[in-house]
1. Scanning for something within 30 Å of residue 97 (Cβ to Cβ) and either of a type in the set (Val, Ile, Thr) or modelled with pLDDT of 95 or more (or both), does the range 307-319 turn up at least one residue?
2. Restricting to the range 43-56, give me the number of residues that are among the hydrophobic types (A, V, I, L, M, F, W, C) and either in contact with a Lys or Arg (Cβ under 9 Å, 6 or more places away or on another chain) or modelled with pLDDT under 95 (or both).
3. Can you run down the residue pairs with Cβ atoms below 9 Å, 6 or more apart or on separate chains, where the first is in the range 166-179 and at pLDDT 95 or above and the partner is more than 9 Å from the ligand (Cβ to nearest atom) and part of a helix (DSSP H, G or I)?
4. Return yes or no: is residue 53 under 21 Å from the mean Cα position of the chain (by Cα), within 12 Å of the ligand (Cβ to nearest atom) and closer than 30 Å to residue 220 by Cα?
5. Across the range 237-254, which residue is surrounded by the fewest Cβ atoms within 10 Å (Cβ to Cβ) among those that are within 20 Å of residue 374 (Cα to Cα) and not aliphatic (A, V, I, L, M)?
6. With respect to residue 265, is the statement that it is within 24 Å of residue 229 (Cα to Cα), more than 16 Å from the ligand (Cβ to nearest atom) and open to solvent by 40 Å² or more (accessible area, probe 1.4 Å) true?
7. Just one of (1) open to solvent by 30 Å² or more (accessible area, probe 1.4 Å); (2) within 9 Å of the ligand (Cβ to nearest atom) trips up residue 63, so point out which.
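The values are calculated or read from the model by the stated rules, or taken from the named source; none is laboratory data. Fair warning: this is a prediction, and the values are worked out from it, not measured in the lab. Because the Cβ atoms are built from the backbone with ideal geometry, glycine has one as well, and the counts that use them run over all protein chains shown. Areas reflect the complete protein model, heavy atoms only, side chains present, ligands, DNA and RNA absent. Shrake-Rupley method; radii C 1.70, N 1.55, O 1.52, S 1.80 Å.
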Amino acid sequence: MKDVVIIGAGAAGLFCAARAAQKGRSVLVLDHANHPGKKILMSGGGRCNFTNYYIEPECYLSQNPHFCKSALSRYTQWDFIDLVTRHGIPYHEKKDGQLFCDNKSSDILNMLLDECRMAGATIQLETSINEISRDGDGFSLQISTDSRPLKTRSLVIATGGPSIPSLGASGFGYDIAEQFGHSVFPVRAALVPFTITDQLRNLCKALSGSSLPVSVTCGQKSFNDDLLFTHRGLSGPAILQISSYWQSGDAVEINLLPGLDIASEFKSAQAERGKVHLKTWLAGFTTQKFAEQWLAYHEIEDRYLAETGKKTIARLAASLHEWSVKPAGTEGYRKAEVAIGGVDTTELSSKDMESLKVPGLYFIGEVVDVTGHLGGFNFQWAWASAAAAAEAL
Ligand code: FDA
């Protein structure tokens, strides 16, 4: 009989295992993948954006926005930074409080594995869980590597979300939640690029690889960050952020030159530099490639500024400042960093993530209906929810 079995050797599962084992609990982590923490290794472009200086509950989406507050306030970004520092892992702030490893994401994974090893938590990979049932006050698991059932007092579900199935992601945690009578909110891809299928696709293709700092809005939510044109549509941090707030059929409003009033810039340029071409002038605010493609797409003639009329400039200004785009969809779980939705938090304790329906059953990390913004917020939720559960285990 184990004290604790954790399903999922990802960010939340490994951190919870280490902390529960440090308290003297016997802990076994099961994962069907052949390597632990695959998403950690891939994260942050290989440098793992492991937390953010500015963690706030407002940076998380959930049907129950207050739920994340307790765990986030009890295990903070400063606690995790302290752990990273104690392990001698060099890191830096990239921008907006986002902390990345100087070297590789494997620094964070190795730190978690070291913590597990030092505390005596065992990790068993390439193990499928065929069946889970209630067994007295505990649980009985049928696993692929043993014909005898595995017994545990507490069971922690840390199987993450369905994004990037090639890394071992699955909807298993949602199935277990439903099996034990929990509600699961519908799940959809988030922090994900948009696809474009109408004539705009050609412009995106032509500008593929170009990036611009923009302001993007969907409903009441806006983000200022970079937009990246891709062969299939739009990406970049601004788009990934807004995708979490986007529903199929919505338009997103994009200001391609935030902080500028291109019509008044034009007025003074026309007076002082009348013999400059519109394209050359626009390239001064963007890039040569962008200016060329943008004017062509909007069928705006590249004349001298002196010969460019007010109506043309009004049209150009509207196209740049109020660009309304209706994405066809998203790149889906294949490219999404996270999934929105998951286990309904009103049926979990916000203090320790324990099921309010089945004592001894815990849900932590991304499987729970708590999804962070881009920038280290999702890992901080994994650490904080794992620490909250470990306190109770
Ligand atoms: P996680 O996905 O880490 O772990 C789940 C584990 O469960 C996996 O090991 C999986 O194999 C296992 N599992 C699943 N189904 C199973 C089953 N049926 N049986 C057994 N085991 C099973 N966040 C951030 O804050 N900063 C960043 O830089 C990034 N970057 C990033 C890049 C990319 C490409 C992706 C896809 C995601 C990110 N993220 C991120 C998001 C971050 O990776 C994510 O929020 C956390 O990994 C979630 O941690 P969990 O432990 O909940 O799930």
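1. The first filter runs over the range 307-319 and keeps only residues within 30 Å of residue 97 (Cβ to Cβ), leaving none.
So far as the range 307-319 goes, no, none of its residues is within 30 Å of residue 97 (Cβ to Cβ) and either of a type in the set (Val, Ile, Thr) or modelled with pLDDT of 95 or more (or both).
2. First, pick out the residues of the range 43-56 that are among the hydrophobic types (A, V, I, L, M, F, W, C): 48, 50, 55.
From what is left, the residues that are either in contact with a Lys or Arg (Cβ under 9 Å, 6 or more places away or on another chain) or modelled with pLDDT under 95 (or both) are 48.
Matching residues across the range 43-56 total 1.
3. Pairs that qualify, where the first residue is at pLDDT 95 or above and the partner is more than 9 Å from the ligand (Cβ to nearest atom) and part of a helix (DSSP H, G or I), are 177/347.
4. Spelling it out, it is not the case that residue 53 is under 21 Å from the mean Cα position of the chain (by Cα), within 12 Å of the ligand (Cβ to nearest atom) and closer than 30 Å to residue 220 by Cα.
5. 247
6. Numbers: within 24 Å of residue 229 (Cα to Cα): no; more than 16 Å from the ligand (Cβ to nearest atom): yes; open to solvent by 40 Å² or more (accessible area, probe 1.4 Å): yes.
Answer is no for this residue.
7. Going through (1) open to solvent by 30 Å² or more (accessible area, probe 1.4 Å); (2) within 9 Å of the ligand (Cβ to nearest atom) one by one, residue 63 breaks only (2).
Quick grid of which residues meet (1) touching a Leu at 6+ places or on another chain (Cβ under 6 Å); (2) open to solvent by less than 10 Å² (accessible area, probe 1.4 Å); (3) assigned by TED's automatic domain parsing to the domain that holds residue 14:
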{"position": "347", "(1), (2), (3)": "yes, no, yes"}
{"position": "351", "(1), (2), (3)": "no, no, yes"}
{"position": "359", "(1), (2), (3)": "no, no, yes"}
{"position": "385", "(1), (2), (3)": "no, yes, yes"}
